[in-house]
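Quick notes on the structure that follows.
The values are calculated or read from the model by the stated rules, or taken from the named source; none is laboratory data. Treat the numbers as computed from the prediction; the structure is a model and nothing was measured. Cβ atoms come from the backbone with ideal geometry, glycine included; neighbour counts cover every protein chain shown. Accessible surface is based on the protein model in full, side chains and every heavy atom, while ligands, DNA and RNA are left aside. Shrake-Rupley method; radii C 1.70, N 1.55, O 1.52, S 1.80 Å.
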Amino acid sequence: MIDRAYAAMLARTKALIPQLRDRATRTEEMRRLPPETERDLHEAGLFRVVQPQRVGGSEFDYISLVDCAELLGKADASVAWNFANLASHHWMLAMFDKRAQDLVWDKEPNTLIASSFIFPAGRARRVDGGYRLHGSWPFSSGVASCEWNMLGSVVDSDDEADGIEYRIFLIPKKDYRILDTWNAAGLRGTGSNDVEVRDVFVAEALTVAVSDLAGGPTPGSVVNPNPLYALPVFSLFPYVLSGVALGNAQACLDDYVEIARHRASTYNRTKLGDLQSTQIKIAEASAKIDAARLIMRSYCIEAMAAARRGQIPDMELKTRLRRDGAYSVNLCTEAVSLLFAASGARGLFTTGALQRQFRDAHAINSHLAFNFDAAGTNYGRVALGLPSENVTL
């Protein structure tokens, strides 16, 4: 049974679909979310769905990221992408040292936090009281709207025996520069620009080691004991964003079905809905989308249940989570591609939603988290008794 507060959140999200869809062209033209869209998401409480209740958040289960992103993705994948990214950073901040949480949320609990977890893009070195950080990171979605940024970096060490450490650094806006680089074919409205940091000091309390986010207690567990904040962050990373692909694909299918019900072929006036080929395409696309939804939601539900039991997934399960997260989004991309091809010349017009859905589907699929070759290779390695090559797990 769905919690009443969660049902109300889903209803508020669903109510936004018509107006967000109407703004989709403008969102693409701006290359970022329009101010009124950000205001709508704030007023609905969407950015705070997985933020701790102690600071005014909803503290819903992890599945809320998938469910809400799916609904928003039915309107505009760029909006859904920025929602999921920015909302998930409140979830991650709850795992940092309390001093970091207080620094951000005591001032403004609604504040937005961007990110880039391209760890090799940065270099950090340990100094007294913290780290010195520098680097240039791509793909920091929604960064223009944010007051903070979570940047992943490699920590240098003079001793090779220490191995490679991956760490996340919480940086205020004054300490990084935004580079206007986001001119992309898909997800155009996400404003996923580059950010640059030049030898900035970051206090120890404003950092967290990736190894502390592998599942189980984190530095923030003292004040945020909900199992939500004990989930393995990078094992579940695909499911932060997978709902975007799901909603985009579902919208594409819904649009195709609606048109096929009423439209006749340009050449022989046969009603499209009467053609067996149309019926088969609808069946195949819907099967892919429904299967993807089952995968995404099932893993999120199972992960929460395991966290409540105090269980930390082993490496086999972690690599399976990454494998199926990528696979489920690939299914959504296949569904959109199938429907785009079946739509003929209609899909070529830039005034329709179909061409945007097609571009967005492939832009989503280009994210490393959804690269099945990478996820599948690592799963296969572990299945064969070889060590994982993904150091974030």
Number of the condition not met by Ser221 [criteria: (1) under 22 Å from the mean Cα position of the chain (by Cα); (2) within 24 Å of Thr392 (Cβ to Cβ); (3) of a type outside the set (A, V, I, L, M)]:
(1)
How about the stretch 58-83: which of its residues are open to solvent by 10 Å² or more (accessible area, probe 1.4 Å), in a loop (DSSP other than H, G, I, E, B) and not hydroxyl-bearing (Ser, Thr, Tyr)?
Glu59, Phe60, Asp61, Lys74
Verdict on Ile312 being part of a helix (DSSP H, G or I) and open to solvent by 70 Å² or more (accessible area, probe 1.4 Å)
no
Condition set open to solvent by less than 40 Å² (accessible area, probe 1.4 Å) and hydrophobic (A, V, I, L, M, F, W, C), scope the stretch 343-371, selection farthest from His262 (Cα to Cα): answer is Ala369
Search the stretch 194-213 for residues that are under 16 Å from Arg126 (Cβ atoms) and pair each with any residue that is surrounded by fewer than 22 Cβ atoms within 10 Å (Cβ to Cβ) and among the hydroxyl-bearing types (Ser, Thr, Tyr) when their beta-carbon atoms are under 7 Å apart and the residues are at least 6 apart or on different chains.
Val202/Tyr131; Thr207/Tyr131; Val210/Tyr166; Val210/Thr392
Determine whether the stretch 128-135 contains at least one residue that is within 20 Å of Thr218 (Cβ to Cβ), at pLDDT 95 or above, assigned to a strand (DSSP E or B) and not small (Gly, Ala, Ser).
yes
Out of the residues in the stretch 312-331 that are of a type in the set (Lys, Arg) and more than 15 Å from the chain's Cα centre (by Cα), state the one that is nearest to Ala285 (Cα to Cα).
Arg323
Given the criteria open to solvent by 30 Å² or more (accessible area, probe 1.4 Å), in a helix (DSSP H, G or I) and touching a Phe, Trp or Tyr at 6+ places or on another chain (Cβ under 8 Å), does Ile259 qualify?
no
Looking at (1) touching a strand residue (DSSP E or B) at 6+ places or on another chain (Cβ under 7 Å); (2) hydrophobic (A, V, I, L, M, F, W, C); (3) part of a helix (DSSP H, G or I), can you tell me which one Leu103 breaks?
(1)
Please state which one of Leu112, Leu103 is surrounded by fewer than 22 Cβ atoms within 10 Å (Cβ to Cβ) and modelled with pLDDT of 95 or more.
Leu103
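Does the stretch 136-163 hold any residues that are assigned to a strand (DSSP E or B) and either open to solvent by 10 Å² or more (accessible area, probe 1.4 Å) or at pLDDT below 95 (or both), and which are they? Outline the logic, then answer.
Applying the first criterion (assigned to a strand (DSSP E or B)) to the stretch 136-163 yields 136-140, 148-156.
Listed by number, the residues that qualify are Ser136, Pro138, Phe139, Trp148, Val154, Val155, Asp156.
Could you check, for the stretch 29-52, whether at least one of its residues is modelled with pLDDT under 95, open to solvent by 60 Å² or more (accessible area, probe 1.4 Å) and not in a helix (DSSP H, G or I)? Can you show your working first?
Taking the stretch 29-52 first, the residues modelled with pLDDT under 95 are none.
No: the stretch 29-52 contains no residue that is modelled with pLDDT under 95, open to solvent by 60 Å² or more (accessible area, probe 1.4 Å) and not in a helix (DSSP H, G or I).
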Between a first residue in the stretch 4-16 that is open to solvent by 40 Å² or more (accessible area, probe 1.4 Å) and a second residue that is in a helix (DSSP H, G or I) and at pLDDT 95 or above, which pairs have beta carbons less than 7 Å apart while being 6 or more apart in sequence or on different chains?
Arg12/Ala44; Lys14/Leu71
Residue pairs meeting the criteria (Cβ under 8 Å; at least 6 apart or on separate chains; first closer than 15 Å to Leu72 by Cβ, in the stretch 22-38; second at pLDDT below 95 and buried (at least 16 other Cβ atoms within 10 Å of the Cβ)):
Ala24/Ala353
